[in-house]
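Only one structure is covered here, and it is reproduced in the block below.
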Amino acid sequence: MTAPTAMVVGAGIAGLTAAYRLAQRGFVVRVLEAAEAPGGRMTERRSGSIVFRTGARLIYPFPGELSSLIDELGLRARVRPAPHVSLRCADGREEFDLSLSVGPHLLLTGALPVAERLRMLRLLPSLAHARLRVDPDQLATAVQFDSRSMAAELSAHVGPEFCYRWVEPLFRGARNWNAEDVSPAFLFATSAHTLGAGPPLTFAGGIGELTSELAKRVRVECRTRVLSVIEKRTTCSVHVESHTGHRETLHSDYVVCATEGTQPATLIAAPPAAARSFFAGVRYNSLGAIHYSLRQDVVALLKVFTRRSGRLLGLFEQVPAASASSGRPGLYVQAGPESTEAIRADPERRIEPVLQNDLLALFPSLEDQVTERVEQWIEHMLPVPYPGYARTVREFEKFMRDSPQRVHYCGDYLGQALVTGACATGARVAQRLADQIARQRGSNTSPSSR
Ligand SMILES: Cc1cc2nc3c(=O)[nH]c(=O)nc-3n(C[C@H](O)[C@H](O)[C@H](O)COP(=O)(O)OP(=O)(O)OC[C@H]3O[C@@H](n4cnc5c(N)ncnc54)[C@H](O)[C@@H]3O)c2cc1C
């Protein structure tokens, strides 16, 4: 019996995991990646002397697929706790300490009214439920928290100050989401599992160690952009363009589309109606960030901002030389959600002009201090888990399970907006494809349901 072939489109953590698991199950796999190097939003790039992350900073210590891969690939000894930096929140004229973790210490914070601190206890049943019943790698398991916005839910249960002074600045700084735009499904799914789980993690050589290790074990062809995928009865045609502009058509039994969730709508020709309608509802936010290399050392500082602060910045970080991967002191800033439209209005997507006033207010010697800078525009930062989205993911996953296809999908938008969630979708899609083939071989029928 000949081995089935699979083409994976996209070499982020989801696509690389899918490729690795498919190869283990006997598939002949090729990964096609548009960028110059694998890793997607889980790696680093260099520009001059500045080394910067393409996306993820840290890994939540959930015991899922990503943790299994770390062990299988022999990377456990390379895992490190992510560097701890105290987090400050600026809310207008006032500043206070914020904590990333959920726990009894929250009851003692002076930054919230006493009544709201006590009402935080009302969240305990939801957190306990999420701990027992929700998989932190699968947003679709948190549908019970998905009916209204995080702002509405937290304001009703605890109070508006808890939402706007505590939770929202963390979300704006880490995720660039505002509390009205997302459901609390992400919050409950993740925070319930971080309780007592230990610190967030990274690797000794940076966040990209896992994706580079995976990329060594599968065939990855970079600078190869997939233009379209056509699913036929017995095969898939994949139209690609190389960096030299050369175009060709490749063939494969199966395709795993592991791109950001905004791509399948245009990449996959004539998808089933259920896929078309699901992809029409996938939304991502964007992010503008700037990395600076500085002449003189700085003290460690990590600050996030409420909307009432009036800042366009979502996050401001001073990185001392001792903790910088380049060994040079630096600044890292992220534009907040309100700046996105202004950046997008500029055809060159320049970020500094939009943030200049805030930057000079927070770091007046910027112009004298800067030796190098890199502006980073991330068009597809994170899938936005708006109220109702978890339910649509659950329905689409059911459709994909029940109706065998040649084109399959994985990526953070189907799992969770985290590297752990994206990774888990890669493993699930490999398992589903293997099961599909086993069933077909058993019944000897065609995989196309159309
Ligand atoms: C700024 C930022 C901070 C984050 N912080 C964290 C964090 O601290 N912790 C955490 O867990 N998560 C974090 N995340 C989220 C996490 O990085 C992502 O959820 C995860 O890496 C997504 O993986 P993926 O494989 O689904 O997608 P991606 O990594 O985006 O992979 C998709 C790949 O497909 C390729 N591609 C797209 N179109 C084509 C095409 N037509 N042909 C060929 N290739 C194509 C892309 O180039 C890309 O390499 C962060 C993300 C960002 C942007």
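Against the main long axis of the alpha-carbon atoms of the chain, helix 352-362 sits at an angle near 40°. Think of region 58-145 as a dipole: +1 on every Lys or Arg Cβ, -1 on every Asp or Glu Cβ, centred on the Cα centre; then among Ala77, Leu132, Pro63, Leu132 lies furthest on the positive end. Taking a sphere under 11 Å around the Cβ of Arg88 and counting the other residues whose Cβ falls inside, with K and R at +1 and D and E at -1, yields a net charge of -4.
You can think of it this way: the chain between Glu338 and Arg46 has 102.3 nm of extra reach, that is 0.36 nm per residue less the Cα-Cα gap. How far is helix 185-194 tilted, in degrees, relative to the longest principal axis of the Cα atoms in the chain, given as a value from 0 to 90 rounded to the nearest 10? Tilt relative to the chain: about 80 degrees. What spacing in nm lies between the two simple spin-label points modelled at His243 and Ser147, each 7 Å away from Cα in the Cβ direction? Between His243 and Ser147, the simple spin-label model gives 5.2 nm. The alpha carbon centroids of region 231-299 and region 419-441 are separated by 19 Å. Convex hull volume of the Cα atoms of region 287-378, normalised per residue: 93 Å³. Net length available on complete extension from Leu118 to Gln431 is 108.2 nm, with 0.36 nm assigned per residue and the Cα-Cα distance removed. In the chain, Cα pairs under 8 Å separated by at least six residues give a relative contact order of 25 percent. Bridge orientation summary for the chain: considering DSSP beta bridges with both residues in this region, about 70 percent are antiparallel. Between Leu195 and Gln356, the modelled labels are 4.9 nm apart [label points 7 Å from Cα along Cα→Cβ]. For Thr266 and Gln369, the difference between the fully extended length at 0.36 nm per residue and the C-alpha to C-alpha distance is 32.7 nm. Taking Cα centroids, how far is region 336-357 from region 50-127 in Å? Centre-to-centre distance over Cα atoms comes out at 28 Å. For the chain, a Gaussian network of Cα nodes joined below 10 Å ranks Pro125, Pro81, Pro38 by mean-square fluctuation, and the top entry is Pro125. Computed about its Cα centre, the charge dipole of the chain is approximately 1220 debye, with only Lys, Arg, Asp and Glu carrying charge at their Cβ. In a GNM of the chain with a 10 Å cut-off on Cα contacts, which of Ala192, Ala130, Ala273 has the highest mean-square fluctuation? Result: Ala273 has the largest fluctuation of those listed. Each of Val298, Trp177, Leu210 was placed along the dipole of the chain (beta-carbon charges, centred on the mean Cα), and the one lying farthest toward the positive end is Leu210. Taking Gln138, Gln334, Gln369 in turn, the Gaussian network model of the chain (Cα-Cα springs below 10 Å) assigns the largest fluctuation to Gln369. Bridging of Lys216 to lysines at a Cα separation below 18 Å is possible for none of them, once same-chain residues fewer than 8 apart are set aside.
Each reported figure results from applying straightforward, stated rules to the coordinates on display, with no laboratory input. Remember, it's a predicted structure, so these values are computed and weren't measured experimentally. Methodologically, a virtual Cβ is constructed for each residue, glycine included, from the backbone with ideal geometry; neighbour enumeration extends over all protein chains shown.
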